[in-house]
Amino acid sequence: MQRELKAQRIAISHLTLLPDKAFNFYTDRIITLQINYLKLLKRVKENDLKNRLLTYADLSFTKEALGEIRGSVNGILSQNKENKHLIHLAILAQGKYELSLQRLNAFISQKYYKHLERITALPDYKYIQNLLFNITNKGKVVANVSPQEWFQRSTNVVEQFFLLEQNYLHEIDIYIQTKSHRLLWTLIGDVFLFLIITLFTLLLGLRLKHDIIQNVKLLDQYKRAVDRSSIVSKTDKSGRITYANEQFCNISGYTKEELLGKAHNIVRHPDMPKSAFREMWRTILSKKPWFGIVKNRKKDGGEYIVEVTVNPILDQKGEIQEFIAIRNDITEIITLHKELEHTQEDIIFRMGEIGETRSKETGYHVRRVAKYSAILAKHYGLSEEEIKRLTQASPMHDIGKVAIPDSILNKTGKLSNEEWSVMKTHAQIGYDLFKNSDKELLKTAATIAYEHHEKYDGSGYPRGLKGDEIHIYGRITALADVFDALGTQRVYKDAWSDEKIFQFFKEERGKHFDPKLVDIFFEHLDEFLAVRDFYNDASSYMKEHSSKKL
């Protein structure tokens, strides 16, 4: 067993163990300590020795919980992005750490209390606390924080606790030896031994009674603290609600009487797929916690969104007794995020329209191109995330035209060779505007601006890319842009008839356009024509905001 523990700790020190596995390692260690903690309460009858051993267990709790914090935060920093699961692990580990540290401060001797104060005054310890506060309280990952630095500095603090633990264990060993020698002398007289045992038993009983009362009070305070700060419910093994706190009743609109005895589907929102709850049950029935974001329905038909942790509660035999669910209301955060996405999308459309209106074209060109691109992307088989990103970024395909002189951009006649060379630079200009962005949406816009004038046979510009060398975003936007441009009157040409456009597309299949995209165009022609009819004049804006058809 010791050899396995040593191997696990070496893996954690060398960063070769996944954060979840590292977290579970320390969690298992804490569970083992808790079991030993309970055994000590039952088996050790000598009050002073029991206090020393329990204090040693609390010290071990603190060290192992710090190891959980180290592993979970290291995973967060390594990914350099918000990870709800790892943040939950960090919060759980922080709770264990603060609880054990509070109990340790209350019972540790003055000598080791000063040692503990020196550890908590270390720069590395303050570094851990500050970074942990930003992650668990503010819910954000601190930029430019090195996972290696975090791991090294948190390891330094763990090693300090380990050293304190070893010193304390050594002192307990000396204490036990000394105590043993003293007990031998007490065997000299039966009467004296009887008196000592009687007195000791009396004191132990009083102390045990005091400790139980204190623990009951602490547990009650912890329960009330959780009830005040979170939405809490408990269910039996069949999923029937056995407890719901005031927060749950307030947000759902149901009374406790209406909730007790019911399944949680009383607040299930129709938008939530049943598969999500099947996955939750599979997880918690395997005796593991489940984390997720759930949309719920209020009694009055309204909705709210919560971040949920469901924990199975096990008895001493490891069997499930009940489940407890702790939720945080994130409705406002989700609403703000959606509003931000809508604002971002509107800004991008407005920027795309700027490029078009400079060339005296309707701004609805970019909206039609976006819708055409979405149709092509969907039937081409792109993911929902890719379709969304392409649809949002395609309006920026001609943004580079803002740098083209009006004398060229709005010329009614044919452009000269020199003017055509200038006109073609708008693809490079659009790419240069966004190429250095670290945002996926703007990087997509850069790709589209750069490649939507490339042709499948390699005769396009600015780089003469061919076939699959052209990004699928560029190939899709090229077809969408040309379809709309040919059917729209411009300063330099009249609008083409549908028959002429369709013939042109057939002729350019495999030349200008990706043949698969041309086939998709004709297979779903009714969808393209419906978009064109819908966005055909200035009233389209009002139709777009009053209709859910497109």
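Annotations
- Residue ID - farthest from residue 409 (Cα to Cα), chosen from residues in segment 423-445 that are among the small types (Gly, Ala, Ser) and more than 27 Å from the chain's Cα centre (by Cα): 430
- Pair list, Cβ < 8 Å and 6+ apart or interchain, from segment 157-172 residues that are outside the structural domain of residue 58 (by TED's automatic domain parsing) and without any contact (Cβ under 8 Å) to a residue 40 or more places away in the chain to residues that are assigned to a helix (DSSP H, G or I) and of a type in the set (Val, Ile, Thr): none
- Condition check for residue 416 on (1) at pLDDT below 90; (2) surrounded by fewer than 19 Cβ atoms within 10 Å (Cβ to Cβ); (3) under 22 Å from residue 365 (Cα atoms): one failure, at (3).
- Some residue of segment 95-112 being assigned by TED's automatic domain parsing to the domain that holds residue 58, within 19 Å of residue 76 (Cβ to Cβ), surrounded by 15 or more Cβ atoms within 10 Å (Cβ to Cβ) and within 22 Å of the chain's Cα centre (by Cα): yes
- If you filter segment 343-393 down to residues that are modelled with pLDDT of 85 or more and among the β-branched types (Val, Ile, Thr), you find that the one that is nearest to residue 487 (Cα to Cα) is 369.
- Test result for residue 267, aliphatic (A, V, I, L, M) and in contact (Cβ under 8 Å) with a residue 24 or more places away in the chain: yes
- Selected residue (only one of 42, 96, 111, 63 is under 22 Å from residue 328 (Cβ atoms) and modelled with pLDDT of 60 or more): 96
- Selection status of residue 315, modelled with pLDDT of 85 or more, more than 24 Å from residue 87 (Cβ to Cβ) and of a type outside the set (Val, Ile, Thr): no
- Of all residues in segment 287-319, those satisfying the criterion of being surrounded by fewer than 16 Cβ atoms within 10 Å (Cβ to Cβ) and under 17 Å from residue 263 (Cβ atoms) are 298, 299.
- Residues located in segment 496-513, provided they are more than 12 Å from residue 482 (Cα to Cα) and either within 46 Å of the chain's Cα centre (by Cα) or not in a helix (DSSP H, G or I) (or both): 497, 509, 510, 511
- Sole exception among (1) of a type in the set (Lys, Arg); (2) within 24 Å of residue 370 (Cβ to Cβ); (3) touching an Asp or Glu at 6+ places or on another chain (Cβ under 9 Å); (4) surrounded by fewer than 16 Cβ atoms within 10 Å (Cβ to Cβ) for residue 463, by number: (2)
- Where helices (runs of 4 or more DSSP H) sit wholly within segment 245-318, those with at least 1 residues that are touching a strand residue (DSSP E or B) at 6+ places or on another chain (Cβ under 7 Å) and within 14 Å of residue 232 (Cβ to Cβ) occupy 246-252, 256-259.
- A search for C-beta distances below 8 Å between a residue of segment 519-541 that is closer than 16 Å to residue 479 by Cα and any residue that is modelled with pLDDT under 80, counting only pairs 6+ apart in sequence or on different chains, returns 531/550.
Let's see how each residue does on (1) out of contact with any His (no Cβ under 6 Å at 6 or more places or on another chain); (2) among the aromatic types (Phe, Trp, Tyr); (3) touching a residue at least 24 places away in the same chain (Cβ under 8 Å); (4) closer than 24 Å to residue 307 by Cβ:
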site: 58; (1), (2), (3), (4): yes, no, yes, no
site: 81; (1), (2), (3), (4): yes, no, yes, yes
site: 100; (1), (2), (3), (4): yes, no, yes, no
site: 116; (1), (2), (3), (4): yes, no, yes, no
site: 124; (1), (2), (3), (4): yes, no, yes, no
site: 127; (1), (2), (3), (4): yes, yes, yes, no
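- Across segment 183-198, a minimum of one residue is classified as in contact with a helix residue (DSSP H, G or I) (Cβ under 9 Å, 6 or more places away or on another chain), modelled with pLDDT of 65 or more and not assigned by TED's automatic domain parsing to the domain that holds residue 46.
- Residue check, residue 227 outside any helix (DSSP H, G or I), within 25 Å of the chain's Cα centre (by Cα) and at pLDDT below 85: no
- Among the residues of segment 405-444, the one identified as of a type in the set (Val, Ile, Thr), in contact (Cβ under 8 Å) with a residue 40 or more places away in the chain and under 22 Å from residue 370 (Cβ atoms) is 444.
- Where helices (runs of 4 or more DSSP H) fall wholly inside segment 383-470, the ranges with 2 or more residues that are basic (Lys, Arg) are 384-393.
The values are calculated or read from the model by the stated rules, or taken from the named source; none is laboratory data. Source: prediction; values computed, not measured. Positions of Cβ are generated from backbone atoms using ideal geometry, with glycine treated the same way; all protein chains shown enter the neighbour counts.
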